[in-house]
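Below is one structure, written out as structure tokens, with a few remarks after it.
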């Protein structure tokens, strides 16, 4: 889906199937989109058949009677499907009455369009759901065993076959749908996960919930094991040899794979050579192979609290494509010549052979930067100065200084969390980040100049006007403001805001709300730039071990540099890869958050009944969401636990106010709360306010 399309579709839906004049639409999208860009997008959507244009130049959605095939999703009792490429939700009705389950493939026809709602009906069922559902085995009044799916939550019981052993009662299991009975779906147990609340039980439950694979296919493993050890002579002849250049890696202490390395040397006339070397995964993983199919299906590596679910088998990710110290490795490199102000004088890209002399952890590299002593001390010092210059230039060009928090745990031998902390980003982290951004940007610039060659971009759109207005109103409550008159003004005012709130109690919640106001970055062959970074061209090139789009970019870039045609000439195929990769990235993020959430709940279990400081981070009609400052875990203060009153929220859900007592609860307010209950199955924390 094109980012501008995602902005326009909700606007059209505000009037249902009614028509919009061009001037009305332009008023809604300004200042984010100008009239020429809007006109091109509207005409494109009309040519594609998604819009109708009448003789007066008015536009309306053209969806009635359209049929398409999609996968069923559910929320509460509602079944719905997504209409691609509009990203439009089409409601089907109660999944229980329709006898539909998440993951089922159906053909749907749109029969009604109302403001904010599109309705569809199922024409036919194409394929049953192959998803697994996780829950606890219970015994019903009739003596039959059943499971109520907890993850994902589904308000229906799955009956188990009569021969299911009673010993499973109380166990957490994964089940798969078999057929519909008279009233309930019948499902079989495909895996017994174990006793609820145990570490391995809950982590495997998360893997089933998000359909994360536990192993690789035999074909993929066989291909991986057959790959040649060492560097073939023909590769030595055709690659640039960097083995004599000072080279090292900087990665997390617990990293199992090292997919990027940095080389550095001083040139004459005050210039420096900085090489960003990325493991050449495309040499080993060829299109159409079992390894390629497995990598595409996974889309990305997933990092849970206790394990990695890799995109590629260990022989590749931790061995052949891992840039280990003191070993020759095949790489794909972007090498810059730059001056002391980080101004680029020349760029070279190509396949290389490298030899990393040292493996730094971030902590070790940071110590060298701070003390000026240790391996590669002079190289790190200069690289750090260059990285700071790159950061300064990026901010000057329009980048936003958002800082996200990463929660980490220290686990004991039984995998229980004994400490929770927020990972601090220091100069060593920022050094690597700036160099990776530089390489990704340069590759995107080069690929954009190849006429007629579609490629993969990593884009980030401007926030939608309604989101910006909500953010502006939210900030007014704290005495801050942002300028939303133009993209440049917004960037400048957001950076000023981040500087202004640094070190203040409200800083965390303001950054979090601002980030949530932004759209998600995604992959697409249509380049609209990366708003958050301030780049007109950006892609993902630096992690082909763990991201499939990076592997695609390597293949396209490699072919062009060698004078060969692109292996992806069809933009339609690239759109499909981009859409699927963006979906897999979203699933990976949800799984990672679920595993962190589970450990946060375990950590909180030790503190049940204690008073803790928190910040209000969400307000809904059913209660107040509070983030606990110490653990960063989020819990709910139910409306029923507040002092008796009639509570009302403002239109943007920034304030909850009692009609009679005038008691106000506002986003960002600091409150004292007590943990009164933890529901591991639904991953919820019940809190109560402590009156002061």
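Among residues of the range 227-253 being under 25 Å from the mean Cα position of the chain (by Cα) and part of a loop (DSSP other than H, G, I, E, B), the one that is modelled with the highest pLDDT is 252.
For every residue, the table says whether it meets (1) within 25 Å of residue 82 (Cβ to Cβ); (2) at pLDDT 90 or above; (3) not assigned by TED's automatic domain parsing to the domain that holds residue 113.
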position	(1), (2), (3)
8	yes, no, yes
11	yes, no, yes
17	yes, no, yes
21	no, yes, yes
25	yes, no, yes
32	yes, no, yes
39	no, no, yes
45	yes, no, yes
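Being in a helix (DSSP H, G or I), free of Cβ contacts under 8 Å to residues at least 60 places away in the same chain and within 28 Å of residue 418 (Cα to Cα): is that true of residue 602 here? Please lay out each step first, then the result.
Details: in a helix (DSSP H, G or I): yes; free of Cβ contacts under 8 Å to residues at least 60 places away in the same chain: no; within 28 Å of residue 418 (Cα to Cα): yes.
So residue 602 fails the test.
Considering the range 473-490, and only residues there that are at pLDDT 85 or above and surrounded by fewer than 18 Cβ atoms within 10 Å (Cβ to Cβ), the residue that is farthest from residue 555 (Cα to Cα) turns out to be 480.
Does residue 484 qualify as being in a loop (DSSP other than H, G, I, E, B), touching a residue at least 24 places away in the same chain (Cβ under 8 Å) and more than 23 Å from the chain's Cα centre (by Cα)? Answer is yes for this residue. Every condition in (1) surrounded by 19 or more Cβ atoms within 10 Å (Cβ to Cβ); (2) under 27 Å from residue 469 (Cα atoms) is met by residue 685 except one, and the failing one is (2). If you check residue 205 against the conditions, is it more than 19 Å from residue 153 (Cβ to Cβ) and crowded, with 18+ Cβ neighbours inside 10 Å? Here the answer is no, as residue 205 does not meet what is asked.
All of 595, 566, 581, 543 fail the test of being in contact with a strand residue (DSSP E or B) (Cβ under 7 Å, 6 or more places away or on another chain), over 25 Å from residue 466 (Cβ atoms) and at pLDDT 90 or above, apart from 581.
Any residue at all in the range 448-467 that is surrounded by 19 or more Cβ atoms within 10 Å (Cβ to Cβ) and assigned to a helix (DSSP H, G or I)?
Pass one, the range 448-467, residues surrounded by 19 or more Cβ atoms within 10 Å (Cβ to Cβ): 454-464.
Checking which are assigned to a helix (DSSP H, G or I) leaves us with none.
Among the residues of the range 448-467, not one is surrounded by 19 or more Cβ atoms within 10 Å (Cβ to Cβ) and assigned to a helix (DSSP H, G or I), which makes the answer no.
Residue check: is residue 437 closer than 25 Å to residue 519 by Cβ and either in contact (Cβ under 8 Å) with a residue 24 or more places away in the chain or in a loop (DSSP other than H, G, I, E, B) (or both)? For residue 437, the condition - closer than 25 Å to residue 519 by Cβ and either in contact (Cβ under 8 Å) with a residue 24 or more places away in the chain or in a loop (DSSP other than H, G, I, E, B) (or both) - is met. In this structure, does residue 189 turn out to be within 25 Å of residue 413 (Cα to Cα), part of a strand (DSSP E or B) and either touching a helix residue (DSSP H, G or I) at 6+ places or on another chain (Cβ under 8 Å) or modelled with pLDDT of 95 or more (or both)? So residue 189 does not fit the description; no. One residue alone among 162, 256 is in a loop (DSSP other than H, G, I, E, B) and touching a residue at least 24 places away in the same chain (Cβ under 8 Å), and that residue is 256.
Cβ-Cβ distances below 8 Å connect the following pairs, each with a first residue in the range 78-97 that is on the phi > 0 side of the Ramachandran plot, a second residue that is assigned to a strand (DSSP E or B), and a separation of six or more residues or different chains: 93/78; 93/79.
Look at (1) in contact with a helix residue (DSSP H, G or I) (Cβ under 8 Å, 6 or more places away or on another chain); (2) buried (at least 20 other Cβ atoms within 10 Å of the Cβ) and you find that residue 115 fails only one, number (2).
The condition of being in contact (Cβ under 8 Å) with a residue 40 or more places away in the chain and surrounded by fewer than 19 Cβ atoms within 10 Å (Cβ to Cβ) does not hold for residue 443.
Got a sec? Which helices (runs of 4 or more DSSP H) wholly within the range 15-134 have at least 3 residues that are within 25 Å of residue 152 (Cα to Cα)?
On the way: elements: 22-29, 35-47, 95-98.
Result: 95-98.
On the basis of being exposed (fewer than 12 other Cβ atoms within 10 Å of the Cβ), modelled with pLDDT under 95 and touching a strand residue (DSSP E or B) at 6+ places or on another chain (Cβ under 9 Å), does residue 270 make the cut? Spelling it out, it is not the case that residue 270 is exposed (fewer than 12 other Cβ atoms within 10 Å of the Cβ), modelled with pLDDT under 95 and touching a strand residue (DSSP E or B) at 6+ places or on another chain (Cβ under 9 Å).
Does residue 323 meet the test of being more than 26 Å from residue 390 (Cα to Cα), touching a residue at least 24 places away in the same chain (Cβ under 8 Å), buried (at least 18 other Cβ atoms within 10 Å of the Cβ) and within 28 Å of the chain's Cα centre (by Cα)? Here the answer is no, as residue 323 does not meet what is asked.
Going through (1) farther than 23 Å from residue 599 by Cβ; (2) loosely packed, with under 13 Cβ neighbours inside 10 Å; (3) touching a helix residue (DSSP H, G or I) at 6+ places or on another chain (Cβ under 9 Å) one by one, residue 214 falls short only on (1). When the range 641-668 is filtered for residues that are surrounded by 13 or more Cβ atoms within 10 Å (Cβ to Cβ) and either under 30 Å from residue 196 (Cα atoms) or touching a helix residue (DSSP H, G or I) at 6+ places or on another chain (Cβ under 9 Å) (or both), the ones remaining, listed by number, are 641, 647, 650, 652, 653, 654, 656, 667, 668. Reported count of residues in the range 663-689, each being over 14 Å from residue 608 (Cβ atoms), assigned to a loop (DSSP other than H, G, I, E, B) and in contact (Cβ under 8 Å) with a residue 60 or more places away in the chain, is 5. Criterion first (touching a helix residue (DSSP H, G or I) at 6+ places or on another chain (Cβ under 6 Å), touching a residue at least 12 places away in the same chain (Cβ under 8 Å) and not in a helix (DSSP H, G or I)) does residue 274 satisfy it? Against the criterion (touching a helix residue (DSSP H, G or I) at 6+ places or on another chain (Cβ under 6 Å), touching a residue at least 12 places away in the same chain (Cβ under 8 Å) and not in a helix (DSSP H, G or I)), residue 274 does not qualify.
Being at pLDDT below 90 and in a loop (DSSP other than H, G, I, E, B) is true for just one of 652, 660. Which residue is that?
Working: 660 fails: at pLDDT below 90.
Of 652, 660, the one residue that is at pLDDT below 90 and in a loop (DSSP other than H, G, I, E, B) is 652.
Can we say residue 291 is surrounded by 21 or more Cβ atoms within 10 Å (Cβ to Cβ), touching a residue at least 24 places away in the same chain (Cβ under 8 Å) and part of a loop (DSSP other than H, G, I, E, B)?
Details: surrounded by 21 or more Cβ atoms within 10 Å (Cβ to Cβ): yes; touching a residue at least 24 places away in the same chain (Cβ under 8 Å): yes; part of a loop (DSSP other than H, G, I, E, B): no.
No; evaluated as a whole, the condition is false for this residue.
Is it true that residue 572 is surrounded by fewer than 20 Cβ atoms within 10 Å (Cβ to Cβ), at pLDDT 95 or above and farther than 21 Å from residue 464 by Cβ? So residue 572 fails the test. Filtered by the rule that a residue be surrounded by 15 or more Cβ atoms within 10 Å (Cβ to Cβ) and farther than 18 Å from residue 102 by Cβ, the range 147-181 gives 160, 164, 168, 171, 172.
The values are calculated or read from the model by the stated rules, or taken from the named source; none is laboratory data. All values reported here derive from a predicted model rather than from experimental measurement. Reconstructed Cβ throughout: ideal geometry from the backbone, glycine too, with neighbour counts over all protein chains shown.
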